[in-house]
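Contents: one structure, followed by commentary.
The values are calculated or read from the model by the stated rules, or taken from the named source; none is laboratory data. Bear in mind that the values here come from a model prediction, so they are computed numbers and not experimental data. Don't worry about glycine lacking a Cβ; one is built from the backbone with ideal geometry, like all the others, and counts go over all protein chains shown.
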Protein chains: 2
Amino acid sequence: MELKGKVLIAQGGGPTAVINQSLVGAVLESRKFPQITKVYGAINGVEGIINERFMDLTRETTHNLEQVGITPASALLSTRIKPDEAYCKEIFKVLKAHDVRYFFYIGGNDSADTVRIVNENAKQSEYEFRAIHIPKTIDNDLVINDHTPGYGSAARYVAEAFIGINLDNRALQGVYIGVVMGRHAGFLTAASSLAKKYPDDGPHLIYLPERPFDVDEFLLDVKGVYEKFGRCVIAVSEGIKDKNGKPIMLSLTDDIETDAHGNVQLSGSGQLGDMLSDLIKSKLNYTRVRSDTLGYTQRNFIGAISDVDSHEAREVGEKAAQFAIWDNVDGSIVLERTGDYSINYHLYPLKDIAGKTKYMPDEFINLAGNNVTDDFYKYARPLIGSGFPQPHRLRAPMAKRLLHDDE
Amino acid sequence: MELKGKVLIAQGGGPTAVINQSLVGAVLESRKFPQITKVYGAINGVEGIINERFMDLTRETTHNLEQVGITPASALLSTRIKPDEAYCKEIFKVLKAHDVRYFFYIGGNDSADTVRIVNENAKQSEYEFRAIHIPKTIDNDLVINDHTPGYGSAARYVAEAFIGINLDNRALQGVYIGVVMGRHAGFLTAASSLAKKYPDDGPHLIYLPERPFDVDEFLLDVKGVYEKFGRCVIAVSEGIKDKNGKPIMLSLTDDIETDAHGNVQLSGSGQLGDMLSDLIKSKLNYTRVRSDTLGYTQRNFIGAISDVDSHEAREVGEKAAQFAIWDNVDGSIVLERTGDYSINYHLYPLKDIAGKTKYMPDEFINLAGNNVTDDFYKYARPLIGSGFPQPHRLRAPMAKRLLHDDE
């Protein structure tokens, strides 16, 4: 029993470097089925549905779709709007009018919840309709999934950035703090550890939202590393919290911006890094202390895309069309790790994914709560893909000193 | 008349992504000459000379040198020390003791000045000695030079970063401010313009240290772009100054750090971006305003190295050895553009380069002082090298609206 009608695809939330691969995978696969009358793309996510801003992707060339696939950040543009019941009623009016029978929404756990609400409204309206959530998030925080498309490329960018940061800090010694994206889950901050090659390489300390951040312990940690290596490279998640679960950022300012989902603005500001930097300068009296906030480049950098991530992002889009159109089922695509390294795709009920957050498991974080474990390395290394660059050091012998005593 | 003795190479100032190519070029070329008894590398620049911390690079393998060549940030480590007369006397004691007859110092205009002082001291001491300054700086601010090794790769990183930033800002509209390195010269900030492909692409506004920054004009510029495109991407140099030449940063805080050369700390802090962001929020009432400070990653990113820059950095190192050892002359290597695109190398007197700063020429900056010209594009495009990534957009037709009137 084939369900005939249109496919509608949209992209929600923050962009990733490979989110368009999922779009292209879903479009190209959907276009193969004779019962699909058109493949539409909604401009600006659910906003585009309400406003009937649909691009007819049945009339896009395959070559250009492939080119868009290797371009970061939502090609259909995005939205931060999270639909409520009233919003969903409007969505259905439009879906019905256009005979949309398949809805694929590429996004994180907020977007999965949108798909769930849309799908429940479809059931209540007795409108035959398939809805699939296609996972994407650089935060890697979707439950059940081994990992999520978008994470591997962001992780590769962060790891490559910390290779350079560590080399720079080794050349001109001091303390360096790099603030990494990650509101609740520390996976992206943890990826900084993939930069390490030699035993004294940074990042030497890694602070994650999964462990309470204690200012005194932090200063002791930094002092310990600095006394050992004469320098210290630190990776800090933007979402670090104190022991009461209060974001460290909130102790900084009263002027805190929140988005439509009620989340605090953590990115797009250098405040957290500057505060930690000032803390080290004033309490430890180190003079050369620098902080950078790695910023939006983490999620959209065109020059550090993981091939593994790119292929998986393509496949989850393709699988969405296959599950919905071949199998006539709803759900959220889930990545399962089946080997070292291989992946398979499953469909889970939307309610199992929607609105839930996965955190770093305990075995990925060291006992002191200031670094990651080898288990994390084994988990994350395949995700950043092939051809990961390697730094090298000089290793020639030192010449004999003539005017000083040799140490 | 061959001058027999040791070669000593050092690296000074801030690292670049290709500074080790210059080291490797100088080492491999120097090792070919029979009158060169050893090739030493000083650890931590002039500090390593004073302390006789010399690595015997005659005993480094060619393979490992090639690997180090493709690794960013000074492999011999660096220093911010600028030697005075007393420091130079100590340097000579060591140079003489080790029979160093050739000194190659890889650095910017401060390092060129160090080479000049060292060389003049050698002349006063009647010690036969050749000194060559090998240019490097991401700021691209050495006089006479068409451009400097290190700039092309930093420019490529900035351009690639702004490709993603623009795509991100297009997907989730708002105002974005990216603060780019460049204390006095705007070349690196200007490189953000290389990210533009489509007419409405950002960066829409570019502010450089070469033009006075006026807060009211800035707000008018931002308003104009925002009203036209519904968004605005801005590239700002960290070194922007008001009409009296006072850094905009200095109006922010009294707690300003200076380095050994008396320079204000501009990098390693998010303050400037945050201030401009707050200004736009408060004066223009735009809600989604974000700022990032691109940070140290600009000068050391391993994943965005320009092949053109890498080859030129290698060649300036090789030419240093050739000029000094074949021709027995002192000076600073200068890059001259001889075609579109080709380069040749010359030797200029150290005093012509030392301590001087090149600025963006007028023909590279638009009349309004808030963007760059096509002349800049023609100048800079070859420097970022081959294989520069290109973003792509969907271009399928829009579907007919059924419930709304089509615009």
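For this structure, a couple of remarks:
- Single residue of the stretch A:172-227 satisfying the filter (within 14 Å of chain B (Cβ to nearest Cβ) and among the polar types (S, T, N, Q)) that is farthest from A:Ile248 (Cα to Cα): A:Gln173
- Any hit, the stretch A:137-151, residues being in a helix (DSSP H, G or I), within 11 Å of the chain's Cα centre (by Cα), at pLDDT 95 or above and away from chain B (no Cβ under 14 Å): yes
- Filter result for the condition that a residue is touching a strand residue (DSSP E or B) at 6+ places or on another chain (Cβ under 6 Å), assigned by TED's automatic domain parsing to the domain that holds B:Ala112 and closer than 20 Å to A:Asn166 by Cα, over B:Gln11, B:Gln21: B:Gln11
- In the set (1) touching a Gly at 6+ places or on another chain (Cβ under 6 Å); (2) part of a helix (DSSP H, G or I), A:Ala10 fails one condition alone, (2).
- Of the numbered criteria (1) outside any helix (DSSP H, G or I); (2) within 14 Å of chain A (Cβ to nearest Cβ); (3) surrounded by 24 or more Cβ atoms within 10 Å (Cβ to Cβ), the one B:Tyr105 fails is (2).
Here is a yes/no grid of residues against (1) at pLDDT 90 or above; (2) of a type in the set (Lys, Arg); (3) more than 23 Å from A:Leu220 (Cα to Cα):
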{"site": "A:Gly268", "(1), (2), (3)": "no, no, yes"}
{"site": "A:Gly273", "(1), (2), (3)": "yes, no, no"}
{"site": "A:Ser277", "(1), (2), (3)": "yes, no, no"}
{"site": "A:Thr287", "(1), (2), (3)": "no, no, no"}
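- Entry remark, the stretch A:69-89: residues being of a type in the set (A, V, I, L, M), closer than 20 Å to A:Asn109 by Cβ and either more than 8 Å from chain B (Cβ to nearest Cβ) or assigned to a helix (DSSP H, G or I) (or both) number 1 in total.
- Among (1) in a helix (DSSP H, G or I); (2) modelled with pLDDT of 95 or more, the one test that A:Thr37 misses: (1)
- Enumeration of residues in the stretch B:356-388 that are closer than 21 Å to B:Ile134 by Cβ and surrounded by fewer than 15 Cβ atoms within 10 Å (Cβ to Cβ): B:Lys356, B:Thr357
Yes/no per residue for (1) of a type in the set (Ser, Thr, Tyr); (2) part of a loop (DSSP other than H, G, I, E, B); (3) on the phi < 0 side of the Ramachandran plot; (4) touching a residue at least 12 places away in the same chain (Cβ under 8 Å):
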{"residue": "A:Ala380", "(1), (2), (3), (4)": "no, no, yes, yes"}
{"residue": "A:Ser386", "(1), (2), (3), (4)": "yes, yes, yes, yes"}
{"residue": "A:Gln390", "(1), (2), (3), (4)": "no, yes, yes, yes"}
{"residue": "A:Arg393", "(1), (2), (3), (4)": "no, yes, yes, yes"}
{"residue": "A:Ala396", "(1), (2), (3), (4)": "no, yes, yes, no"}
{"residue": "A:Asp405", "(1), (2), (3), (4)": "no, yes, yes, no"}
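- In the stretch A:327-348 there is no residue that is touching a helix residue (DSSP H, G or I) at 6+ places or on another chain (Cβ under 6 Å), within 14 Å of another protein chain (Cβ to nearest Cβ), part of a loop (DSSP other than H, G, I, E, B) and surrounded by fewer than 17 Cβ atoms within 10 Å (Cβ to Cβ).
- Of the residues A:Ala171, A:Ala122, the single one that is at pLDDT 95 or above and either small (Gly, Ala, Ser) or more than 15 Å from the chain's Cα centre (by Cα) (or both) is A:Ala171.
- In the stretch B:45-54, the residue that is nearest to B:Arg314 (Cα to Cα) out of those that are in a helix (DSSP H, G or I) and in contact with a helix residue (DSSP H, G or I) (Cβ under 8 Å, 6 or more places away or on another chain) is B:Val46.
- One residue from B:Glu60, B:Glu52 being without any contact (Cβ under 8 Å) to a residue 40 or more places away in the chain, touching a Leu at 6+ places or on another chain (Cβ under 9 Å) and not aliphatic (A, V, I, L, M): B:Glu60
- Test: A:Gly245 is among the small types (Gly, Ala, Ser), surrounded by 19 or more Cβ atoms within 10 Å (Cβ to Cβ) and outside any helix (DSSP H, G or I): no
- Among the residues of the stretch A:2-32, the one identified as acidic (Asp, Glu) and under 25 Å from A:Gly385 (Cα atoms) is A:Glu29.
- Residue in the stretch B:55-62 that is in a loop (DSSP other than H, G, I, E, B) and at the interface with chain A (Cβ under 7 Å from one of its Cβ atoms) present: yes
- Counting only residues that are touching a strand residue (DSSP E or B) at 6+ places or on another chain (Cβ under 7 Å) and closer than 30 Å to B:Leu142 by Cβ, the stretch B:171-203 holds 13 of them.
- Selection count, the stretch B:204-223, where residues are of a type outside the set (Val, Ile, Thr), buried (at least 23 other Cβ atoms within 10 Å of the Cβ) and farther than 17 Å from B:Asn140 by Cα: 1
- For the stretch B:85-141, the set of residues classified as of a type in the set (Gly, Ala, Ser) and under 30 Å from B:Leu383 (Cβ atoms) consists of B:Gly107, B:Gly108, B:Ser111, B:Ala112, B:Ala131, listed by residue number.
- Yes/no for A:Ile49 being over 22 Å from A:Ile325 (Cβ atoms) and within 12 Å of chain B (Cβ to nearest Cβ): no
- Leading residue by the ranking (farthest from the other protein chains (Cβ to nearest Cβ)) among those in the stretch B:34-44 that are in contact (Cβ under 8 Å) with a residue 40 or more places away in the chain and not aliphatic (A, V, I, L, M): B:Gln35
- In the set A:Thr79, A:Thr61, only one residue is surrounded by fewer than 24 Cβ atoms within 10 Å (Cβ to Cβ) and of a type in the set (Ser, Thr, Tyr); that residue is A:Thr61.
- Checking every residue in the stretch A:289-311 against the condition of being aliphatic (A, V, I, L, M), at pLDDT 90 or above and more than 26 Å from A:Val18 (Cα to Cα) gives at least one match.
- Some residue of the stretch B:379-395 being more than 21 Å from B:Ile305 (Cα to Cα) and away from chain A (no Cβ under 14 Å): no
- Hits in the stretch A:291-307 (condition: under 18 Å from A:Glu66 (Cβ atoms) and either more than 14 Å from every other protein chain (Cβ to nearest Cβ) or in a helix (DSSP H, G or I) (or both)): A:Asp307
- Among the conditions (1) crowded, with 18+ Cβ neighbours inside 10 Å; (2) closer than 25 Å to A:Gly355 by Cβ, A:Gln124 misses just one, which is (1).
- Close pairs (7 angstrom Cβ cut-off, 6 or more residues apart or separate chains): among the basic types (Lys, Arg) in the stretch A:330-346, part of a strand (DSSP E or B) and surrounded by 15 or more Cβ atoms within 10 Å (Cβ to Cβ) anywhere: A:Arg337/A:Ile343
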